[in-house]
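*Asks:* Below you'll find the structure I mean.
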Amino acid sequence: MKVYVPGDSAAKSVGADDVAAAIASEAALRGLDVEIIRNGTRGMIWLEPLVEVDRGAGREAFGPVTVADVPGLLDGTLDGLGLTDDLEWMKRQTRLTFARCGVIDPLSLADYEAHGGLAGLRRAAAMTGAEIVEEVTASGLRGRGGAGFPTGIKWKTVLEADAPQKYIVCNADEGDSGTFADRMIMEGDPFTLIEGMAIAALGVGARKGYVYLRSEYPDAIAVMTKAVDLARKAGVLGADLLGSGRTFDMEIRVGAGAYVCGEETSLLNSLEGKRGVVRAKPPLPALEGFLGRPTVVNNVISLATVPVIFEKGAQAYADFGLGRSRGTATLQIAGNVKRGGLFETAFGISLGDVVNDIGGGTATGRPVKAVQVGGPLGAYMPVSKFDTPMGYEEFDQNGGLIGHAGLVVFDDQADMLQMARFAMEFCAIESCGKCTPCRIGAVRGVETIDRIAAGDAGAQELLTDLCETMKDGSLCALGGFTPFPVMSALTQFPDDFATKQEAAE
Amino acid sequence: MTRHAAAPTVAELSDLIAPHLHLEGPLLPILHALQDAFGHVPEAAMPLITEALNITRAELHGVMSFYHDFRDVPAGRHVVKICRAEACQAVGGTELAEATLARLGVAWHGTTANGAVTIEPVYCLGLCACGPAAMVDDKVIGRLDSVRMDALLAEAGA
């Protein structure tokens, strides 16, 4: 009998290690032949630790499983949820990027290949750089880190740049609250990221790659480090990549707790061993990136999606989606929500369906008040905007941004003035300090919101003006987008700002 | 967290610095290696780093002080990072953090009087669907409530 107990850190954070240990000792006690596999998570975080038992007739799901449930689990008397693949949450998804996550042993290259892994890289190895870039362009893939820039265009710029050395840098500094897709794929299917980076390298002519991985993810660092070693030993990386005669190798680099290093130019400075200060653009990193060389900087999910595009073909990927948002969105449903987790589906589903239908509303059972989409720099969307379809342009038109597709749900007890204040405070703490509107503006923003809370009627106009200045005058998204959560809170939830004022009068 | 009892020797420090010198952009890996070994970046390592990388002491200070992770003095025996970010706030993270700080009588970044625990804020552990979340040294904990937090702190000796 095979038993799957996720080694994903979300599962571990709620006791998966203890459950795995209990299964091992209980099985030993009974003399049972049990193979325990520490897979990634299926993404149903509310059911973690989600244990799957395969007695030969498919994988049956149980969850959340506690140590006390283990004897019953092995007896076959514990109530299960049915076959994992038959669960509504799984059946409704289109799993392309996350097809293997939670299914395979993350560190088994054989398992990876048996589930379609390396097919994309093998195909790419027989293509020219220009053909590879064209395939990515045709897929319509856009940067999943938040900006939504077409990946193919970025790669084309690097391909056409003439330089003795080029780099692939993976941005794994997933600092946005409400996002965990990068962490999940790195812990649950690390080879797909390695394969995606290798395809990118073949495409643009890079020989070296880096994953800049945040220090807040010790489990992901451990898994990725092991996966790179295994890939190198198996010849997936190295001097003769899969026998293609081409060279590509990569390293895992650990961040040091600075949120702003998720911004690509700040990340490059950090990777070079400098302060993570934002660089002015131009020059684009695609032309002058790491150590001044042409560099592809892509988010984890963008790169991890590349293998499936090459495995199934660009058109097959582009067939999913809405408008100019092609393929799938890896929705991360988080915060105060009944069913939180990762749900991969074609772009186009409405925000309300994600929150209420898939997520099941709030965990507290109270009415939803707001959903912050796209991380700490994303807007607070009120329930009145729940018909907004998940798509880059569609969110933009509704005053928001889809970002990394993380959604944080708040119930009616949330105080939006406090959330606006927190956005400014966070910006002040994490500002790299290079430009004044962000460095000083964020501090003044906190003070101004405190004045509103204290009943200063004129302060709202001042806050609006300050947000305009930050938006127009900041170099990067930290100062430039902090006005999104602040102004959306102010305009969509005026009562939270007015009540304070009236109470003070 | 590993910590050497005596002050580190030049040889010990050099052994941690040298393996990274061939890297492109070696400074962060060096600082991490030192901090992993000693719990902080020892003063004695500073001249060795600046010498090895041909950077000024000011440049090194600039980098050290930019990043939240690096410390030039030791923390408590355990570091408890409590997530302050939005997803954890949505499920009571702020109240939990404030109660924890009040109970220990410390502010953010403070260390308990017995030196057992340093409390730090962290902005997202990627446990946004199972918050409130925290990390004790390198171990992640989700679905926290005050009872579990008390147990963790007791275990850490706070």
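The values are calculated or read from the model by the stated rules, or taken from the named source; none is laboratory data. None of the values given here were measured: they were computed from a predicted structure. Cβ placement follows ideal geometry from the backbone for every residue including glycine, while neighbour counts extend to all protein chains displayed. All accessible areas refer to the heavy atoms of the entire protein, side chains included, with ligands and DNA or RNA removed. Shrake-Rupley method; radii C 1.70, N 1.55, O 1.52, S 1.80 Å.
*Asks:* Being aromatic (Phe, Trp, Tyr) and within 17 Å of A:ASP495 (Cβ to Cβ) is the filter here, so list the residues in region A:378-436 that pass it.
*Replies:* A:TYR380, A:PHE410
*Asks:* Here's another thing I want to ask about it. Among the residues of region A:411-421, count how many are out of contact with any strand residue (DSSP E or B) (no Cβ under 9 Å at 6 or more places or on another chain) and either on the phi > 0 side of the Ramachandran plot or open to solvent by less than 10 Å² (accessible area, probe 1.4 Å) (or both).
*Replies:* Residues flagged as out of contact with any strand residue (DSSP E or B) (no Cβ under 9 Å at 6 or more places or on another chain) and either on the phi > 0 side of the Ramachandran plot or open to solvent by less than 10 Å² (accessible area, probe 1.4 Å) (or both) within region A:411-421 amount to 1.
*Asks:* The conditions are (1) surrounded by fewer than 20 Cβ atoms within 10 Å (Cβ to Cβ); (2) among the β-branched types (Val, Ile, Thr); (3) free of Cβ contacts under 8 Å to residues at least 24 places away in the same chain, and B:VAL10 fails exactly one of them. Which is it?
*Replies:* Failing condition for B:VAL10: (3).
*Asks:* Only one of B:ALA133, B:ALA99, B:ALA107 is among the hydrophobic types (A, V, I, L, M, F, W, C) and at the interface with chain A (Cβ under 8 Å from one of its Cβ atoms). Can you tell me which?
*Replies:* Of the residues listed, the single one that is among the hydrophobic types (A, V, I, L, M, F, W, C) and at the interface with chain A (Cβ under 8 Å from one of its Cβ atoms) is B:ALA133.
*Asks:* Mind listing whichever residues of region A:260-300 are within 14 Å of chain B (Cβ to nearest Cβ), crowded, with 24+ Cβ neighbours inside 10 Å and assigned to a loop (DSSP other than H, G, I, E, B)?
*Replies:* If the condition is that a residue be within 14 Å of chain B (Cβ to nearest Cβ), crowded, with 24+ Cβ neighbours inside 10 Å and assigned to a loop (DSSP other than H, G, I, E, B), then A:GLU263, A:GLY276, A:VAL278, A:GLY289 are the ones that fit.
*Asks:* Going through A:CYS476, A:CYS438, A:CYS432, A:CYS467 one at a time, which residue ends up being open to solvent by less than 30 Å² (accessible area, probe 1.4 Å) and closer than 30 Å to A:THR97 by Cβ?
*Replies:* Of A:CYS476, A:CYS438, A:CYS432, A:CYS467, the one residue that is open to solvent by less than 30 Å² (accessible area, probe 1.4 Å) and closer than 30 Å to A:THR97 by Cβ is A:CYS476.
*Asks:* For region A:209-231, how many residues meet the condition of being part of a strand (DSSP E or B), under 21 Å from A:ALA124 (Cβ atoms) and either open to solvent by 30 Å² or more (accessible area, probe 1.4 Å) or not β-branched (Val, Ile, Thr) (or both)?
*Replies:* 2
*Asks:* Given the residues A:ALA206, A:ALA234, A:ALA239, which is the only one that is over 18 Å from the mean Cα position of the chain (by Cα), open to solvent by less than 40 Å² (accessible area, probe 1.4 Å), more than 12 Å from every other protein chain (Cβ to nearest Cβ) and not polar (S, T, N, Q)?
*Replies:* Going through A:ALA206, A:ALA234, A:ALA239 in turn, just one is over 18 Å from the mean Cα position of the chain (by Cα), open to solvent by less than 40 Å² (accessible area, probe 1.4 Å), more than 12 Å from every other protein chain (Cβ to nearest Cβ) and not polar (S, T, N, Q): A:ALA206.
*Asks:* Turning to a different aspect of this structure: With respect to B:LEU34, determine if the residue is closer than 22 Å to A:ILE429 by Cα and not assigned by TED's automatic domain parsing to the domain that holds B:TYR123.
*Replies:* no
*Asks:* Spot the failing condition for A:VAL136; the list is (1) over 23 Å from the mean Cα position of the chain (by Cα); (2) crowded, with 21+ Cβ neighbours inside 10 Å; (3) not in a loop (DSSP other than H, G, I, E, B), and only one is missed.
*Replies:* The number of the failed condition is (1).
*Asks:* Moving on to the next point. All but one of (1) open to solvent by 20 Å² or more (accessible area, probe 1.4 Å); (2) closer than 23 Å to A:ALA477 by Cβ; (3) assigned to a loop (DSSP other than H, G, I, E, B) hold for A:GLY365; state the number of the condition that does not hold.
*Replies:* Only one criterion is unmet by A:GLY365, namely (2).
*Asks:* Taking A:ALA61, is it closer than 19 Å to A:MET90 by Cβ, of a type in the set (Gly, Ala, Ser) and touching an Asp or Glu at 6+ places or on another chain (Cβ under 6 Å)?
*Replies:* So A:ALA61 passes the test.
*Asks:* While we're on this one: Across region A:391-410, what is the total count of residues that are surrounded by fewer than 24 Cβ atoms within 10 Å (Cβ to Cβ) and either in a strand (DSSP E or B) or of a type outside the set (Phe, Trp, Tyr) (or both)?
*Replies:* Residues in region A:391-410 being surrounded by fewer than 24 Cβ atoms within 10 Å (Cβ to Cβ) and either in a strand (DSSP E or B) or of a type outside the set (Phe, Trp, Tyr) (or both): 9 in total.
*Asks:* Considering each of B:ALA87, B:ALA33 in turn, give the residue that is within 12 Å of chain A (Cβ to nearest Cβ), under 18 Å from the mean Cα position of the chain (by Cα) and either in a helix (DSSP H, G or I) or surrounded by 22 or more Cβ atoms within 10 Å (Cβ to Cβ) (or both).
*Replies:* B:ALA33
*Asks:* Scanning region A:172-190 for residues that are within 11 Å of A:ARG214 (Cα to Cα) and of a type outside the set (Asp, Glu), which turns out nearest to the other protein chains (Cβ to nearest Cβ)?
*Replies:* That would be A:ARG183.
*Asks:* Same structure again: Taking region B:125-157 on its own, how many of its residues are surrounded by 15 or more Cβ atoms within 10 Å (Cβ to Cβ) and in contact (Cβ under 8 Å) with a residue 60 or more places away in the chain?
*Replies:* 3
*Asks:* Right, another one. Which of the residues that make up region A:75-111 are in contact (Cβ under 8 Å) with a residue 60 or more places away in the chain and within 17 Å of A:LYS2 (Cβ to Cβ)?
*Replies:* A:ARG100, A:GLY102, A:VAL103, A:ILE104, A:ASP105, A:PRO106, A:LEU107
*Asks:* Now, a different point. Among the candidates A:GLY203, A:GLY175, A:GLY145, single out the residue that is part of a loop (DSSP other than H, G, I, E, B), touching a residue at least 12 places away in the same chain (Cβ under 8 Å) and touching a Gly at 6+ places or on another chain (Cβ under 6 Å).
*Replies:* One residue alone meets the criteria, A:GLY175.
*Asks:* Evaluate region A:301-317: report whether one residue or more is over 25 Å from A:ARG100 (Cβ atoms) and either among the polar types (S, T, N, Q) or assigned to a strand (DSSP E or B) (or both).
*Replies:* No; the residues of region A:301-317 include none that is over 25 Å from A:ARG100 (Cβ atoms) and either among the polar types (S, T, N, Q) or assigned to a strand (DSSP E or B) (or both).
*Asks:* Consider region A:160-171. How many of its residues are within 11 Å of chain B (Cβ to nearest Cβ), assigned to a strand (DSSP E or B) and open to solvent by 10 Å² or more (accessible area, probe 1.4 Å)?
*Replies:* Counting residues in region A:160-171 that are within 11 Å of chain B (Cβ to nearest Cβ), assigned to a strand (DSSP E or B) and open to solvent by 10 Å² or more (accessible area, probe 1.4 Å) gives 0.
*Asks:* Can you tell me which residue is nearest to A:THR179 (Cα to Cα) among those in region B:99-124 that are part of a strand (DSSP E or B) and open to solvent by less than 30 Å² (accessible area, probe 1.4 Å)?
*Replies:* Across region B:99-124, the extreme among qualifying residues is B:VAL122.
*Asks:* Going by the conditions given, is B:ARG71 open to solvent by 20 Å² or more (accessible area, probe 1.4 Å), within 14 Å of chain A (Cβ to nearest Cβ), basic (Lys, Arg) and outside any strand (DSSP E or B)?
*Replies:* When the stated conditions are applied, B:ARG71 passes them.
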